1. Modelling each spin label as a point 7 Å along the Cα-to-Cβ direction, I'd like the A:S106/B:D19 distance in nm, to one decimal.
2. Which of the peptides B:155-163, B:96-104 is most tightly packed, and how do the rest follow, going by the mean number of other Cβ atoms within 10 Å of each residue?
3. May I ask for the equivalent-ellipsoid semi-axes of the protein assembly as shown, computed as the square root of five times each C-alpha gyration tensor eigenvalue and listed largest first in whole Å?
4. Between A:P300, A:P290, A:P248, find the one with the highest GNM mean-square fluctuation for chain A; connect C-alpha pairs within less than 10 Å.
5. Roughly how many nanometres apart are two label points built 7 Å out from the Cα toward the Cβ at A:V122 and B:Y103?
6. Per residue, how big is the convex hull around the C-alpha atoms of segment A:6-324? Give it to me in cubic angstrom, could you?
7. Can you quote the Å³ per residue value for the convex hull of the Cα atoms in segment B:84-242, rounded to an integer?
8. Give me the percent relative contact order of chain B, please, defined on Cα pairs under 8 angstrom at least 6 residues apart.
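Every number here is computed from the coordinates shown, using simple stated rules; none is lab data. Remember, it's a predicted structure, so these values are computed and weren't measured experimentally. As a convention, Cβ positions derive from the backbone with ideal geometry for all residues, glycine included, and neighbour counts pool all protein chains shown.
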Amino acid sequence: MTDNPVILDVAGLAKHFTLRGPFGRVRRVVRAIDGVSFQVRRGETLGIVGESGSGKSTIGKCLVGIHEPDAGDLLFNDSSLLGLARRDRRRVARQLQYVYQDPGASLDPRWKVGRLLEEPLVIHADHGAAERRELVRAILGAVKLPDAFLDRYPHELSGGQQRRVGLARILTLNPSLIILDEPTSGLDVSVQAAVINLFKEMKAAFDLTYIFISHDLSVVRILCDRVAVMYAGRIVEIGDVEQVFEDPRHPYTRMLLNAVPRIGRPGARREIGGAGDIPAGEEVAGAGCPFQPRCAERLPRCAVDEPLPENLADGRGVACHAVAAP
Amino acid sequence: MSAPMLSVQQVSVDFATEDGTVHVLDGVSLAVGRGEIVGLVGESGCGKSTLARTILGVLPPHISTVSGGRVVFDGENLLDMPHRRLARDVRGRRITLIPQDPYQAFNPLFTVGTQIMDLMRTKSPAPGGLSGRARKRFDRDRVIQVLEAVNIPSPAEALKKLPHEFSGGQLQRLMIAMAFLPNPELIIADEPTTALDVTIQAQILRLLRNMADREGVAVIFTTHDLATAYQLCDRVVVMYAGQEMEDADTDSFFASPRHPYTYGLLGSIPGKNAEVREIPGEMANLADPPSGCRFRTRCARAEVRCAEARPPVTECAAGHVVRCFNTANEQVAT
Ligand SMILES: Nc1ncnc2c1ncn2[C@@H]1O[C@H](COP(=O)(O)OP(=O)(O)O)[C@@H](O)[C@H]1O
Ligand SMILES: Nc1ncnc2c1ncn2[C@@H]1O[C@H](COP(=O)(O)OP(=O)(O)O)[C@@H](O)[C@H]1O
Ligand SMILES: [Mg+2]
Ligand SMILES: [Mg+2]
């Protein structure tokens, strides 16, 4: 995988939202993401984790053009996505799909599954009718639904089946990179297991690359090759999943992993892990490390000087003065 | 365990829906001892909230019927208790609720302080003879003390704020404080951490555990996450399609789980390297449940008898019960 070409190169990406009060006065600027850099190689699954509000979705939305970034660059297959003419952007955008939570929720209830799956192909008009139908059948099979479903309406399907149709619809566009935003949130574990296995199978069958956004660390661990940990709009640690989960270096990564409930071995002492009595993510302003108010390892310079990501000997990146200091 | 403080005995609840009568709870039983934290674990739609509502006497009117069973609390069957007495003496006073969605539980138009002091006045027993200003001062002291215990910064200031001025995690802590304020004997926490980040969830679980220990309060904690129940609870009850399938103290439950549905749940939790395994099929249709065992259509070990008769609830080890014919089940190696 590490020899595969980089298909996405994100450099110094920033997106700020300006919240306005009455009469258009600027009340507050939210730095949703700031200085975010990472690369994704073909065939890889990159996880993005972090608490809600840490900027995960904003990254995904900048990648597909829902948001225009305020700074930084996005290179997809070596060409910049920013500053493209609308038409060119749409052409590229087809290879880059953003899937928000439940892709089955937005299916048009008046259309049968067959038409739902054919429609994206009709819009892009590069297949004949017979070819289209063949493709739709193949993709329906890939998401493990029988042909008979082509004649059903969405409401005749279970929630899990609708989700499969939603994914099949995205696959008909033949994307190369899919950004999955919290695709397992709100699912029961048994259904979640089915969805995880489906993602794995689809990836192999369609030669896909994933960016997998989730606040569920256990799912990221089994699905991803690399993981980026976000805090307050910054990547604080990024590296191979095994490295990061087995030996987390950033204090925030450690806190996050500690808080995940786990079933221990029989006879082990049962206790609630996690965040101690450190206050939950209150808004922080000003200079310095954004995690510093919650950090047990802060140094005097953390309050004045924001740490930038640095590569450690094992290849991962960590943004922390306490880790970088010898 | 001495006589349990709460015992749910063979409770059945039906809903009248467009699709006919739905048997949402079907002979479900469980017991809660004093100061015990019981985890009620099951996937969405299995009946956790319905059981909570049955205990609290707040099932949706007109469409729901309790068709059998008893809910014995401190020696009395709550299902027989006149509604007014239940509302006045038990619900919100001796048994309180922590709901899943804190935004729904607060009125957005009034300050948190107004709502909490109101609750104290109507639900919290004041020590004998206190009234008027003295009573108010007493209530306020208790409120401040409990808000401090749940880590609300500067409680006196917090009371003046409106609900939307708090973060989700803070509102959840306020809900916990409110559940403890009337000095209840039992708190029902209905998936209070499901929508929260893990760091906040850990804080809330720890808080609940410490508060329950400190005040000697029993808790029924519903969740769909076995790992959360493992960390927090003294007992675990696994529920499927309106029935308890397995019920054991936490150590025994995780050391030797017995029910095939429990294995299914355990196998579908993402672990270290393990593959996740799906539970085949879909949740039983409660309007037309399978004959015999409700889980058999999804069970890898179903036999002929599972379709012919309802499996008995059997005690397979001390205090460890399972609703399955094959109580000698051993988990398939994972
Ligand atoms: N359209 C928007 N307008 C204003 N603020 C926004 C908008 N989208 C996101 N934000 C803010 O940006 C931050 C990051 O949000 P988001 O990327 O959605 O986080 P996550 O996906 O990690 O939960 C949050 O503080 C959020 O409130
Ligand atoms: N008001 C209602 N009317 C009809 N059916 C209901 C109602 N409330 C719950 N149910 C049904 O009862 C079953 C159990 O629901 P619930 O107790 O909410 O489960 P849980 O809390 O475990 O997710 C579900 O099948 C649900 O559809
Ligand atoms: Mg998001
Ligand atoms: Mg519920």
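1. 2.8
2. Most protected by this proxy first, the peptides run B:96-104, B:155-163.
3. For the protein assembly as shown, the ellipsoid semi-axes come out as 43, 35, 24 Å.
4. Evaluated over chain A, the most mobile residue of the options is A:P300.
5. Placing both labels 7 Å along Cα→Cβ, they lie 3.7 nm apart.
6. Convex hull volume per residue, Cα atoms: 175 Å³.
7. 133
8. Relative contact order comes out at 21 percent.
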